[in-house]
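Student: What follows is a structure written as structure tokens; I'll ask about it next.
The values are calculated or read from the model by the stated rules, or taken from the named source; none is laboratory data. Keep in mind it's a predicted model, so treat the numbers as computed, not measured. So basically every Cβ, Gly included, is an ideal-geometry build from the backbone, and we count neighbours across all protein chains shown. Accessible surface areas use protein heavy atoms only, side chains included; no ligands, DNA or RNA. Shrake-Rupley method; radii C 1.70, N 1.55, O 1.52, S 1.80 Å.
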There are 2 protein chains.
Amino acid sequence: MMEAEIFKALADPTRRAIFEKLADGRMNASSLRDGMDISQPAMSQHLAVLCQAKLVRQERQGRFVNYEVDPDGLALIAGWLAKYRAYWPARIDALKTLLKDMDQ
Amino acid sequence: MMEAEIFKALADPTRRAIFEKLADGRMNASSLRDGMDISQPAMSQHLAVLCQAKLVRQERQGRFVNYEVDPDGLALIAGWLAKYRAYWPARIDALKTLLKDMDQ
DNA sequence: ACAACAGATAAGCACACACTTATGTATTGC
DNA sequence: GCAATACATAAGTGTGTGCTTATCTGTTGT
């Protein structure tokens, strides 16, 4: 199961912060670092974990590697969440917005 | 943030299995155990983690404690997911179904 | 009251994980 | 070619986590 990798990846606050930063737009590893007080190897390791969880994907661009949010990971979480729709509260505004967007 | 507790709770495969079992209906700790090859203290500890993450809630019933899925936790995940709706793939069947449910 | 039962808590242990420093591998510009 | 840059990997270390056994609390039935 890849759920294991996804939830493990998101269990770390630093990785969630990285993911959140990437949600603002694609970025290379160095740009991700500034303002984050994290060593270069640590960043590299975190990005590897996020990639393996399919939350982030990479694209080499010469000497740089650009990282961006991978929709596959989000879809997997959505799929997991959907299994428990019987227990959803009647109204979740955030989700209603989300789902309306998808319905066009 | 409670996202930390939620994702940490779901990062463990045993806890996800417990949660999945609870999704089929409320159950006490002993009933949850059978067929799971897990010690009584381990189950108790896992349930405590799930409760603190608001994924599960408990209700004492005499000598037993019944556990059930807590919608609050699912709502928190949905809220987290909604923040990244810009990156969702165009079609996710599971969520389209969900949308139809909510539109009624 | 007391034994049986349901569950929580305590303490200890083995392993996973996030970090570090050091080094390796590509790619770019001079 | 060669130094500098961007990033990955290796190896070691401290802490967190999930398990265990042992014990404790609280409830039920006799």
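Student: Projected onto the charge dipole of segment A:3-102 (+1 at Lys/Arg Cβ, -1 at Asp/Glu Cβ, origin at the Cα centre), which of A:44, A:17, A:29 gives the Cα projection farthest towards the positive end?
Tutor: Toward the positive end, the furthest listed residue is A:17.
Student: Let me ask something additional. Take the alpha carbon gyration tensor of segment B:3-103, find the square roots of its eigenvalues, order them as a ≥ b ≥ c, and report rounded if a/c is under 1.5; if not, report prolate when a/b exceeds b/c, else oblate.
Tutor: prolate
Student: Using the 7 Å Cα-to-Cβ label point, sort the distances from residue B:2 to its equivalents in the other copies shortest first and give them in nm to one decimal.
Tutor: List, nearest first: 2.9 nm.
Student: How far is residue A:39 from itself in the other copies, in nm, if each label sits 7 Å out from Cα along the Cα-Cβ line, shortest first?
Tutor: List, nearest first: 3.5 nm.
Student: To the nearest whole number, what is the average tally of beta carbon atoms from other chains within 10 Å of the beta carbons of peptide A:5-16?
Tutor: The per-residue average across the peptide is 5.
Student: From the label point of residue A:17, set 7 Å along Cα to the beta carbon, how far off in nm is each other copy's matching point, shortest first?
Tutor: When each copy's label point is compared with this one, the spacings are 3.5 nm.
Student: While we're on this one: With an 8 Å cut-off on Cα pairs and a minimum separation of 6 or more residues, tell me the relative contact order of segment B:25-70 in percent.
Tutor: Once divided by the residue count of segment B:25-70, the mean separation gives 44 percent.
Student: What ranking of A:49, A:65 comes out by heavy-atom accessible area, probe 1.4 Å, highest first?
Tutor: Details: A:49 55, A:65 25 Å².
Of A:49, A:65, the descending order of accessible area is A:49, A:65.
Student: Any of B:21/B:83; A:8/B:54; B:54/B:83; A:21/B:54; A:54/B:54 with alpha carbons more than 22 Å apart? Name them for me.
Tutor: B:21/B:83; A:21/B:54; A:54/B:54
Student: Around residue A:69, under 12 Å between beta carbons, what's the net of Lys plus Arg minus Asp minus Glu among the other residues?
Tutor: So the surrounding residues net to +1.
Student: Using +1 on the beta carbon of Lys and Arg, -1 on that of Asp and Glu, and nothing else charged, what's the dipole of segment A:3-102 about the Cα centre, debye to 20? Before the final figure, lay out the partial values.
Tutor: On the way: 15 positive and 13 negative charges, 43 e Å.
About 200 debye.
Student: Nearest 100 Å² is fine: how much accessible area is buried between A and B, summed over both sides, with a 1.4 Å probe? It would help to have the intermediate numbers written out before the result.
Tutor: Numbers: alone 7490 and 7470 Å², together 11120 Å².
Answer for the A-B pair: about 3800 Å² buried.
Student: Also, quick follow-up: Would you work out if segment B:20-67 is rounded, prolate or oblate? Take a ≥ b ≥ c from the square roots of the eigenvalues of the alpha-carbon gyration tensor; rounded if a/c is under 1.5, else prolate when a/b is larger than b/c, oblate otherwise.
Tutor: rounded
Student: Something else now. If you take every residue apart from residue A:23 with its C-beta less than 11 Å away from the C-beta of residue A:23, what net charge results, scoring Lys and Arg +1 and Asp and Glu -1? Before the final figure, lay out the partial values.
Tutor: Values: positive: A:16, A:21, A:26, B:83, B:85; negative: A:20, A:24, A:68.
That works out to +2.
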